[in-house]
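Trainee: Dropping the structure in here first, questions after.
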């Protein structure tokens, strides 16, 4: 009777082991079949083009802009007298880097109204668009509140195709420096810097909207080298301010970086009639460049801080060891 009981337990154990192994095997087989089926379905979808989508990107000149951060733009020109009007043209490109045609493409370009309003009734300036052959390009301008909006639209942009636009805006220096007199007859020198906030939104079928923000500063300089020096100094000041806002230890080791787009162009006479002078400032694609300024970690300060920390730790350790030794000697 005891032998039968042992044999029965042995049989149950073997059956349980076989059941577990079978469960593992069939589970593995089910996973494998599911993965193979998903892989085959994906290959069929890829071959049929189901995953192909358009991918529209915004470029300033030949440089791709970032749609998740503020893009700094510095435009330089030898601007004329205050009595003249300077009209700038900043070239943008929308490029379809995807594998599918982008349909119902729309672009919304927002600028502060003063950047466009003075043009009305002074000189006729049309938005310039350039596309691939046989493409239709439509524009519409509206003013709502303190902003001016220009809508660009086209039926389709094929893969590898570009659509460009360049709308005019008033160029006035975005920095000012002068002397002011207070009520107490004290003269105070004030320097003010600001920028024009431009926002562009791109939308199309089968693609989420992309929002781009630009901070456009206009500097009155006489050549490209002077512009680059000014931009380098401005970016350096921005980096120093950012570092001062970091925690002390982080500020010692962090390497900070600022990128900016800059371009220089000479104004050209466009209108000179009845005391009115209008100059045009066009920035060709190849003139727009990228400047990167880095504020590297403070190796010397970090090294001094690290060495001081090690000395302090070593001194405290020695003091603790001496204290323990004296305590033991006193007990003995």
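Trainee: When residues of region 49-88 are filtered for being surrounded by fewer than 19 Cβ atoms within 10 Å (Cβ to Cβ), in a strand (DSSP E or B) and over 20 Å from the mean Cα position of the chain (by Cα), how many remain?
Mentor: So the answer is 0.
Trainee: Turning to a different aspect of this structure: Need the failing condition index for residue 286 against (1) under 27 Å from residue 173 (Cα atoms); (2) at pLDDT below 85; (3) in the same structural domain as residue 60 (by TED's automatic domain parsing), just the number.
Mentor: Among (1) under 27 Å from residue 173 (Cα atoms); (2) at pLDDT below 85; (3) in the same structural domain as residue 60 (by TED's automatic domain parsing), residue 286 violates only (3).
Trainee: Tell me, yes or no, whether region 171-191 has at least one residue that is touching a helix residue (DSSP H, G or I) at 6+ places or on another chain (Cβ under 8 Å) and within 28 Å of residue 78 (Cα to Cα).
Mentor: First pass over region 171-191, keeping only residues touching a helix residue (DSSP H, G or I) at 6+ places or on another chain (Cβ under 8 Å): none.
No: region 171-191 contains no residue that is touching a helix residue (DSSP H, G or I) at 6+ places or on another chain (Cβ under 8 Å) and within 28 Å of residue 78 (Cα to Cα).
Trainee: Can you tell me which residue within region 233-266, out of those that are modelled with pLDDT of 90 or more, more than 20 Å from the chain's Cα centre (by Cα) and not in a helix (DSSP H, G or I), is surrounded by the fewest Cβ atoms within 10 Å (Cβ to Cβ)?
Mentor: This residue is 266.
Trainee: Report every pair of residues separated by at least 6 positions or lying on different chains whose Cβ atoms are under 7 Å apart, first residue within region 170-197 and at negative phi, second loosely packed, with under 13 Cβ neighbours inside 10 Å and not in a strand (DSSP E or B).
Mentor: Listed pairs, sorted by first residue: 174/194; 188/182.
Trainee: State yes or no: is residue 277 at pLDDT 80 or above, in the same structural domain as residue 174 (by TED's automatic domain parsing) and more than 22 Å from residue 59 (Cα to Cα)?
Mentor: On the way: at pLDDT 80 or above: yes; in the same structural domain as residue 174 (by TED's automatic domain parsing): yes; more than 22 Å from residue 59 (Cα to Cα): yes.
Against the criterion (at pLDDT 80 or above, in the same structural domain as residue 174 (by TED's automatic domain parsing) and more than 22 Å from residue 59 (Cα to Cα)), residue 277 qualifies.
Trainee: Related question: Taking the condition of being in a helix (DSSP H, G or I) and crowded, with 17+ Cβ neighbours inside 10 Å, how many residues in region 186-230 meet it?
Mentor: In the first step, residues of region 186-230 are kept if they are in a helix (DSSP H, G or I); the result is 224-230.
Applying the additional criterion that residues be crowded, with 17+ Cβ neighbours inside 10 Å yields 227-228, 230.
Qualifying residue count, region 186-230: 3.
Trainee: Which of the following residues is surrounded by fewer than 18 Cβ atoms within 10 Å (Cβ to Cβ) and either at pLDDT below 85 or more than 26 Å from the chain's Cα centre (by Cα) (or both): 97, 34?
Mentor: Working: 97 fails: either at pLDDT below 85 or more than 26 Å from the chain's Cα centre (by Cα) (or both).
Residue meeting the stated conditions: 34.
The values are calculated or read from the model by the stated rules, or taken from the named source; none is laboratory data. Keep in mind that what you see is a predicted model, and the values were worked out from it rather than measured. Cβ: placed from backbone, ideal geometry, glycine included. Neighbour counts: every protein chain shown.
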